[in-house]
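I have placed the structure first, in the form of structure tokens, so that the comments after it can refer back to it.
The values are calculated or read from the model by the stated rules, or taken from the named source; none is laboratory data. Just so it is clear, the model here is predicted, and its values are computed rather than measured. Here the Cβ is made from the backbone with ideal geometry for all residues, glycine too, and neighbour counts use every protein chain on show. Keep in mind that these areas ignore ligands, DNA and RNA; they rest on the heavy atoms of the full protein, side chains included. Shrake-Rupley method; radii C 1.70, N 1.55, O 1.52, S 1.80 Å.
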Amino acid sequence: FVDTGITQAITLQQANSKVLFIGNISCDTGRNNQLTAGRIRLHRSGATNDSDRTYGGNDKNVGGYVGGANTHNRFMAQFTMTGFDTEIGTNAAGTTLTYKFQCRCEDSGDSPDFRINSNSEISFITLMEIAV
């Protein structure tokens, strides 16, 4: 997986807060007029007493998926992820959490590519702190 550039950070104002995330990513895949597929995931880093967290999973069988059987067109998709991040551990006020969309092509031959925001589409991540 590689970063897409769709990233948003939030600095917690209160200790032990939770985060509500809403994200949308517009993307397409292609490889020399052949079938290709790609995956999207939302990754979080920066939480105290907690490892990095990936929403959508780490392996190729989970997360948002774009692909199909037509061998001569790009596959276009738009994914929305909404969630309440309850696994961020015990954080002090002032802790900065960073959320970012990551993607990967499933096929390696014939120069696959994964485009973000093609055709003037818009991707975003919105974060909201929820005090406990």
I need a count of the residues in the stretch 17-31 that are open to solvent by 10 Å² or more (accessible area, probe 1.4 Å), of a type outside the set (Lys, Arg) and in contact with a Ser or Thr (Cβ under 6 Å, 6 or more places away or on another chain). 2
Please count how many residues of the stretch 82-108 are more than 11 Å from residue 17 (Cα to Cα) and without any contact (Cβ under 8 Å) to a residue 60 or more places away in the chain. 1
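Against the condition closer than 15 Å to residue 9 by Cα, open to solvent by 30 Å² or more (accessible area, probe 1.4 Å), more than 19 Å from the chain's Cα centre (by Cα) and modelled with pLDDT of 75 or more, how does residue 46 come out, does it pass?
Working: closer than 15 Å to residue 9 by Cα: yes; open to solvent by 30 Å² or more (accessible area, probe 1.4 Å): yes; more than 19 Å from the chain's Cα centre (by Cα): no; modelled with pLDDT of 75 or more: yes.
No, not satisfied.
Does any residue of the stretch 6-14 turn out to be modelled with pLDDT under 65, closer than 16 Å to residue 126 by Cα and not β-branched (Val, Ile, Thr)?
At the first step, the residues of the stretch 6-14 found to be modelled with pLDDT under 65 are none.
Checking the stretch 6-14: not a single residue is modelled with pLDDT under 65, closer than 16 Å to residue 126 by Cα and not β-branched (Val, Ile, Thr).
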State all residues of the stretch 85-130 that are modelled with pLDDT under 85, open to solvent by 40 Å² or more (accessible area, probe 1.4 Å) and more than 22 Å from residue 31 (Cα to Cα); if no residue qualifies, say none. 86, 87, 90
